[in-house]
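Below: the structure, in structure tokens.
Every read-out reported here was derived from the displayed coordinates using simple, explicitly stated rules and does not represent laboratory data. These numbers come from a predicted model, not from an experiment. Here the Cβ positions follow ideal geometry from the backbone for every residue, glycine too, while neighbour counts run over all protein chains shown.
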Ligand code: DQA
């Protein structure tokens, strides 16, 4: 099975970006941990990060034909703005888990709404970068 991990804008700055909110782990650290975990499950992991909405949309479209069975996505700020990325996920109809490092319900009111949550298999928020690992365990459960 193949899982695609998608990270949205500013997550390339993880580890240096507001560490009191997002922690000290870099995105490379996160992906490395996920790769070890995926290996244990015998799952192929692919990862993609972009700061550009259209690139994320194009990557999701590509997933329809590249054997992706499941998506773990942190849409970052696009969570609260992007009907277009939501529509892309609906288009390819690949099941996904929505991950947020911070608890979006504990912060500014504009972060409480997500364009993704009603389509997601599940949502993880507020558990730090560990949330990605938890999502991978849950995805593996569904796939294996
Ligand atoms: C985030 C929460 C979003 O509100 C924010 O714009 C991000 C990261 C999180 O992982 O906690 O960039 O998705």
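Here are a few things to note about the model shown:
- Number of the exception - residue 7 against (1) in contact with a strand residue (DSSP E or B) (Cβ under 6 Å, 6 or more places away or on another chain); (2) farther than 23 Å from residue 89 by Cα: (2)
- Single residue of 104, 85, 71, 124 found to be within 11 Å of the chain's Cα centre (by Cα), within 16 Å of the ligand (Cβ to nearest atom) and under 21 Å from residue 51 (Cα atoms): 71
- Boolean, residue 66 is away from the ligand (no atom under 16 Å from the Cβ), surrounded by fewer than 16 Cβ atoms within 10 Å (Cβ to Cβ) and within 16 Å of the chain's Cα centre (by Cα): no
- Look at the range 95-113: where a residue is over 19 Å from residue 72 (Cβ atoms) and a partner is more than 10 Å from the ligand (Cβ to nearest atom), sitting 6+ places away or on another chain with Cβ atoms under 6 Å, you get 112/105.
- Scanning the range 15-28 for residues that are more than 9 Å from the ligand (Cβ to nearest atom), surrounded by 14 or more Cβ atoms within 10 Å (Cβ to Cβ) and either within 22 Å of residue 140 (Cα to Cα) or touching a residue at least 24 places away in the same chain (Cβ under 8 Å) (or both) returns 23, 25, 27.
- Number of the exception - residue 61 against (1) touching a residue at least 40 places away in the same chain (Cβ under 8 Å); (2) away from the ligand (no atom under 15 Å from the Cβ): (1)
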